[in-house]
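The values are calculated or read from the model by the stated rules, or taken from the named source; none is laboratory data. All figures in this text were calculated on a predicted structure; none of them were measured in a lab. Counting neighbours? That spans all protein chains shown, and the Cβs are built from the backbone with ideal geometry, glycine included. Quick note on the areas: whole protein, heavy atoms, side chains included, nothing else; ligands and nucleic acids left out. Shrake-Rupley method; radii C 1.70, N 1.55, O 1.52, S 1.80 Å.
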Amino acid sequence: MSINLLHRHVLEDHISGFETDPNPNHLSVIRRPVIFSVLAHAGQETAVAEALWNAEDVAPRFCGPSEWLAVSRTVGAETVAGMLSAIAGASVVDQSDGRALMEISGPSVRKILGRCVAVDLHPEVFEQGHSAAMLCCHATANVARTGADTFEIIVPRSFAGSVFEELMEMGREHGLTRGFAD
Amino acid sequence: MASLITCPHCGTRPKEEFSIRGAAAPKRPSPTAKDEAWHRYVYVRDNPKGRILEYWHHVAGCRRFLVVERDNLTHEVFGVTDAAELERAGADE
Ligand SMILES: [Zn+2]
């Protein structure tokens with residue numbers, strides 16, 4: 001495609017929007033994720049953690065010593081609710097409508113996230129499968145490394161807009177694109 | 001972000017993630033204690049310089065109350081413990 005640079009206004013992208021074809025660096029907004037918060041009763045922390053890590057179709061995210069988020073992008077809320085309520089010594093609450101799930105990936109992902117969080121994301125420190133609650137773009141978020149260059153970010157619904165805008169702003173230099181994903 | 005606190009649950013984090021909740025050394029009197037004891041606890045506080053114990057709430061992380069031992073002059077941090085663990089250890093003694 002030839003671009004007529006002479007007639008391309010400097011604010012063209014700002015008005016008609018930046019490119020939306022996925023680039024290597026891409027931010028996916030997951031349409032309908034299932035997110036449950038799981039709390040362990042006193043003394044049951046280890047047993048609940050073990051059950052969560054062994055659960056199928058559910059990815060556990062660490063929040064605090066007796067608190068986790070259980071995330072699923074493959075099965076429905078009822079299946080997850082049934083599975084989690086079978087864990088002895090745990091209280092579970094469906095948070096799917098209260099949280100937004102985004103996935104950021106690409107070769108520059110660490111450089112982009114490095115401007116959003118104050119946590120060392122080196123793979124030797126923040127390993128694959130690791131997750132933690134932290135400030136991300138000034139909001140309380142749960143960040144997880146799901147691949148070598150892939151991170152999942154869970155934010156409260158009311159913060160999703162501002163976190164999304166800030167992530168896009170931080171990624172603009174690296175050509176970060178965005179779109180919905182299932 | 002110069003002030004780094006190593007949370008026992010979350011690892012090293014900047015001070016922006018915490019809310020400082022005051023001195024941890026004064027012992028809370030019992031609810032039935034005399035007014036003088038409560039007055040002393042609420043209003044008569046030392047203002048020490050040097051090594052102090054403080055409650056830090058990890059608001060943006062694990063949301064646990066921590067006890068941070070630090071120097072308020074140099075901001076050298078000597079130790080960070082979960083407040084509940086410290087309480088338990090104190091009860092065992
Ligand atoms: Zn913490």
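Odds and ends about this structure:
- Per residue, in Å², the accessible surface of the stretch B:4-92 once ligands and nucleic acids are set aside, probe 1.4 Å: 66 Å²
- Taking the alpha carbon gyration tensor of the stretch B:4-92, multiplying each eigenvalue by 5 and rooting it gives semi-axes of 25, 16, 12 Å, largest first.
- Within the stretch A:18-92, the GluC sites (Glu not before Pro) that combine a DSSP coil assignment with at most 16 other C-beta atoms in a 10 angstrom radius are A:E19, A:E56.
- Our helix-only sum for the protein assembly as shown, with -39,500 (n - 2.57) per DSSP H run of n ≥ 4 divided by its residues, gives a mean residue ellipticity at 222 nm of -6500 deg cm²/dmol.
- Positions from the stretch A:49-65 whose accessible area shrinks by 50 Å² or more when the full protein complex is built, not the chain alone, probe 1.4 Å: A:P65
- Taking chain B as a whole, the Cys residues whose C-beta sits 4.7 Å or farther from every other Cys C-beta are B:C62.
- Distant-in-sequence amide H partners of A:A100 (H built 1.01 Å from N, under 5 Å): A:V155, A:R157
- The angle between the Cα long axis of helix B:83-92 and the main principal axis of chain B comes to about 50°, on a 0 to 90 degree scale.
- Prolate is the label for the stretch A:1-132, because a/c, from the alpha-carbon gyration tensor with a ≥ b ≥ c as root eigenvalues, is 1.5 or above and a/b exceeds b/c.
- Span from the the stretch A:106-171 Cα centroid across to the the stretch A:61-86 one, whole angstrom: 20 Å
- Residues along the stretch B:17-46 losing 20 Å² or more of accessible surface when the other protein chains are present rather than the chain by itself (probe 1.4 Å): B:E17
- Threshold 30 Å², the stretch A:80-127 residues less accessible with all protein chains present than alone (1.4 Å probe): A:A118, A:V119
- At most 11 other Cβ within 10 Å, DSSP loop - trypsin sites (Lys or Arg not before Pro), chain B: B:K27, B:K34, B:K49
- Accessible area buried between chains B and A, both sides summed, probe 1.4 Å, in Å² to nearest 100: 900 Å²
- About its Cα centre, the dipole of chain B is roughly 240 debye, where the only charges are +1 on Lys and Arg Cβ and -1 on Asp and Glu Cβ.
- Counting only protein heavy atoms and a 1.4 Å probe, the stretch A:69-127 has 48 square angstrom of accessible area per residue.
- Using θ = phi - 60° and Karplus 6.51 cos²θ - 1.76 cosθ + 1.60, couplings along the stretch B:21-34 (whole Hz; Gly, Pro as x): 10, x, 4, 9, 6, x, 8, 5, x, 5, x, 9, 5, 4
- For the stretch B:7-16, 3J(HN,Hα) per residue [Karplus equation, 6.51 cos²θ - 1.76 cosθ + 1.60, θ = phi - 60°, Hz, x = Gly/Pro]: 6, x, 9, 10, x, 6, 9, x, 5, 4
- Heavy-atom accessible surface of the stretch A:34-97: percent carbon and sulfur, 1.4 Å: 52 percent
- A simple spin-label model places the labels of B:K49 and A:S158 4.3 nm from each other, with each point 7 Å out along Cα-to-Cβ.
- Of the trypsin sites (Lys or Arg not before Pro) found in the stretch A:1-96, those that fall in a DSSP loop while having at most 11 other beta-carbon atoms within 10 Å are A:R8, A:R31.
- Total charge dipole magnitude, the protein assembly as shown, about the Cα centre, Cβ charges on Lys, Arg, Asp, Glu only, Debye to nearest 20: 680 debye
- Projecting the Cα atoms of B:P29, A:P60, A:C116 onto the dipole axis of the protein assembly as shown, where Lys and Arg carry +1 and Asp and Glu carry -1 at the beta carbon, places B:P29 farthest toward the positive end.
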